[in-house]
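Read the structure below first, then the notes.
The values are calculated or read from the model by the stated rules, or taken from the named source; none is laboratory data. In this text the structure is predicted, and so the values were computed from the model without any measurement. Note that we place each Cβ from the backbone using ideal geometry, even for glycine, and neighbour counts take in every protein chain shown.
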């Protein structure tokens with residue numbers, strides 16, 4: 001089948017969604033018997049080519065990309081809205097067999113014009129928020145809804161609770177790329193570049209910073225462990241989050257925090273190599289208050305780095321990370337529990353070694369190629385069901 005993946009992501013860009021989409025499509029393009037084309041708006045870079053995208057993300061195979069050009073004077077928000085309507089029409093005219101998207105508005109228009117569509121999402125809030133009531137009523141009962149791919153079992157359960165047939169839903173956990181523990185040479189090289197002394201322990205974080213990500217908790221951890229170097233790899237999408245983060249660093253008088261800012265996805269692994277322990281903010285806010293962060297992509301990046309992980313013991317995280325096996329899980333929103341368990345982990349080199357090895361073994365189950373094979377199986381099963 002010829003499958004069009006319609007998205008409104010800004011590529012190349014450092015967001016988790018763009019990294020996830022490009023790595024997924026690269027793996028699908030490599031192993032699938034179906035052909036995939038990514039259809040996205042062109043936002044700024046007029047001469048951007050698929051090869052440029054491949055280099056930026058470090059993809060194994062270049063993704064076939066169709067860029068839609070819109071008037072340059074239009075805002076990004078306006079381009080996204082126009083794209084949600086025009087891209088499905090384009091796919092209908094071109095005769096694509098199946099459409100695929102991660103965006104609610106795009107799914108709506110795909111179904112509205114009668115095209116078979118797969119919807120992929122990590123979100124759970126769309127299944128209970130009144131804001132999405134009419135969208136759910138139209139989309140979930142539509143006969144052209146080919147299937148739903150979720151990123152966690154907790155998301156699958158949310159769709160079932162909303163009334164969807166479980167046979168139409170499939171859990172495809174996210175993946176990771178190269179699985180390779182840092183060599184001492186690599187670790188030393190990146191520490192030298194960052195100005196980190198070899199003898200210091202490094203607590204690393206990769207991802208967006210901001211209130212909804214609860215990255216301020218990491219800064220409070222840094223204030224309790226002045227002997228640690230805390231490495232923050234990423235930036236904020238909102239200027240106010242950037243300013244609030246820097247203000248808190250000054251308020252807490254921290255001199256053990258290094259913030260790299262945004263880096264290319266293909267370079268993230270190198271910064272993970274410079275770390276000794278990796279952290280997911282030990283808070284329930286991203287999952288339960290925003291509902292927009294469920295089983296973050298960094299979980300799999302951390303596993304691939306083969307480093308001990310400290311993370312909140314939440315329903316989504318615990319689907320993948322197991323306490324004292326691949327991570328030290330702490331009580332979410334319990335700061336003192338985080339401090340106590342991090343201190344114990346820092347003092348237990350044997351546990352650090354055991355966690356690292358188990359992370360490496362676990363990561364092998366969650367490669368992008370393994371994920372692509374499962375998604376193709378799901379597509380083939382759904383296609384067979386429709387024809388029988």
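Details
- The residues of segment 188-197 that are part of a loop (DSSP other than H, G, I, E, B) and surrounded by 19 or more Cβ atoms within 10 Å (Cβ to Cβ) amount to a single one, 196.
- Residue in segment 46-69 that is under 18 Å from residue 119 (Cα atoms), surrounded by fewer than 18 Cβ atoms within 10 Å (Cβ to Cβ) and free of Cβ contacts under 8 Å to residues at least 60 places away in the same chain present: no
- Residue within segment 71-90 that is farther than 30 Å from residue 125 by Cα, at pLDDT below 95 and in contact with a strand residue (DSSP E or B) (Cβ under 7 Å, 6 or more places away or on another chain) present: no
- Of the residues making up segment 198-214, those that are out of contact with any strand residue (DSSP E or B) (no Cβ under 7 Å at 6 or more places or on another chain) and in a loop (DSSP other than H, G, I, E, B) number 4.
- Scanning segment 169-187 for residues that are modelled with pLDDT of 95 or more and either touching a strand residue (DSSP E or B) at 6+ places or on another chain (Cβ under 6 Å) or surrounded by fewer than 20 Cβ atoms within 10 Å (Cβ to Cβ) (or both) turns up 169, 170, 171, 172, 173.
- Against the list (1) assigned by TED's automatic domain parsing to the domain that holds residue 117; (2) in contact (Cβ under 8 Å) with a residue 24 or more places away in the chain, the condition residue 342 fails is (1).
- When residue 266 is tested against (1) over 30 Å from residue 160 (Cβ atoms); (2) touching a strand residue (DSSP E or B) at 6+ places or on another chain (Cβ under 9 Å), exactly one condition is not met: (2).
- Among the residues of segment 1-41, those that are surrounded by fewer than 23 Cβ atoms within 10 Å (Cβ to Cβ), assigned to a loop (DSSP other than H, G, I, E, B) and under 16 Å from the mean Cα position of the chain (by Cα) comprise 9, 10, 12, 13, 14, 15.
- Qualifying position, being surrounded by fewer than 20 Cβ atoms within 10 Å (Cβ to Cβ), touching a strand residue (DSSP E or B) at 6+ places or on another chain (Cβ under 8 Å) and farther than 23 Å from residue 19 by Cβ, among 165, 97: 97
- Sole residue being touching a helix residue (DSSP H, G or I) at 6+ places or on another chain (Cβ under 7 Å), at pLDDT 80 or above and in a strand (DSSP E or B), chosen from 221, 230: 230
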